[in-house]
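One structure is given below, encoded as structure tokens.
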Amino acid sequence: MSKKNTPAAPRSERAAAALAQQHAEERRRRLFMIGGVIVAMLVVVVAGVLIQQSRDTSSDVDAPVAGAGATGVEEFGLSYGDEDAPRSVVIYEDFLCPYCGLLEQATREDLNRLAADGKVRVEYRPFNLLSRMGDYSARAANAFRVVSNESGPEVAKRFHEILFDNQPAEGKDYPDDDQLIAWAVEAGAEEDAVRPGIEDQSEMDWVEAATQSATDSGVRGTPTILLDGEVFEASGSVDDTADALARELER
């Protein structure tokens, strides 16, 4: 009997070892799956924090009204509309912030019309809020300032629109300097006038100063809208905010 049973012992041990290996592999697979889920969740959380950072606004902002310098190309922004208009709108923005892009497109027609009618003076104040998402916010703001200085407020306003019309997604491939220059030329700038400043990032000190000014004024997120010097907020979507702003300015 012992001779017949002897071969069974090694087979049983091999089977047990194989089963144990299978269980170990299953545990590893489960750990990898759990790890992958955790990493994915962390990515979502981090992205959510950055996006929320762009949305968070402060109800306590102390900043000059639109067109305080009355020059078109302001110290930290670009203004348009009648200097003596009864209402003032200031929009703090980041060229990478998706909500800024949505707001710009949703308010563009109404603000242009109301400014042309002499009802409002509008000023855009871009700054570098989303530096954690790469260098595009700073480079775009630098390009905006270069165009403002070299080509004047009308070309800069068109460039401002083009930047938002072609806004990249956060964390994706960002437009390079040649693309920014091409958009500046599309807006009406002379390439020879703006290329050096865009490529050499000659206005980065201005970008840093504009960012510090926004922070010192209490701006914590973008877009932040000031109506007659007070933070303007409305419930609902970006379109709802745009509609509410237009209704208020029509009064």
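Which of rounded, prolate, oblate describes segment 166-251, given a ≥ b ≥ c as roots of the alpha-carbon gyration tensor eigenvalues and a/c under 1.5 marking rounded, otherwise prolate only if a/b is larger than b/c? It comes out prolate by the Cα gyration axes. With the alpha-carbon atoms of segment 98-143 aligned to their principal axes, the span from lowest to highest coordinate is 39, 18, 14 Å, starting with the largest.
The string of couplings for segment 91-107 from the Karplus curve (6.51, -1.76, 1.60, θ = phi - 60°) is 10, 7, 8, 10, 5, 9, 5, x, 6, 5, x, 5, 5, 4, 5, 6, 9 Hz, one whole number per residue in order, with x for Gly and Pro.
The Cα trace of segment 66-161 gives Rg and Dmax of 13.0, 40 Å, the first to one decimal, the second as a whole number.
Rolling a 1.4 Å probe across all protein chains gives T211 an accessible area of roughly 30 Å².
Treating only the Cα positions of segment 101-251 as identical point scatterers, give the base-10 log of I(q)/I(0) from the Debye formula at each q in 0.10, 0.11, 0.14 Å⁻¹. With no solvent term, the Cα-only Debye profile gives -0.37, -0.45, -0.74. Taking 0.36 nm per residue of sequence separation and removing the Cα-Cα distance, the E75/E186 pair yields an extension gain of 37.5 nm.
Between Q201 and E161, the modelled label-to-label distance comes to 3.0 nm, taking each label 7 Å out from Cα in the direction of the beta carbon.
Using a Förster radius of 35 Å, what is the FRET efficiency between D60 and K172 based on their Cβ-Cβ separation? Nearest 0.05, please.
Efficiency, from the Cβ-Cβ distance: 0.55.
Between A193 and D216, the simple spin-label model (points 7 angstrom out along Cα→Cβ) gives 3.0 nm.
When you filter the trypsin sites (Lys or Arg not before Pro) in segment 86-182 for DSSP loop state and at most 12 other Cβ atoms inside 10 Å of their Cβ, you are left with K172.
The values are calculated or read from the model by the stated rules, or taken from the named source; none is laboratory data. Remember, it's a predicted structure, so these values are computed and weren't measured experimentally. In this analysis, Cβ positions are derived from the backbone assuming ideal geometry, glycine residues included, and neighbour counts consider all displayed protein chains. Surface accessibility is based on the protein's heavy atoms, side chains included, excluding ligands, DNA and RNA. Shrake-Rupley method; radii C 1.70, N 1.55, O 1.52, S 1.80 Å.
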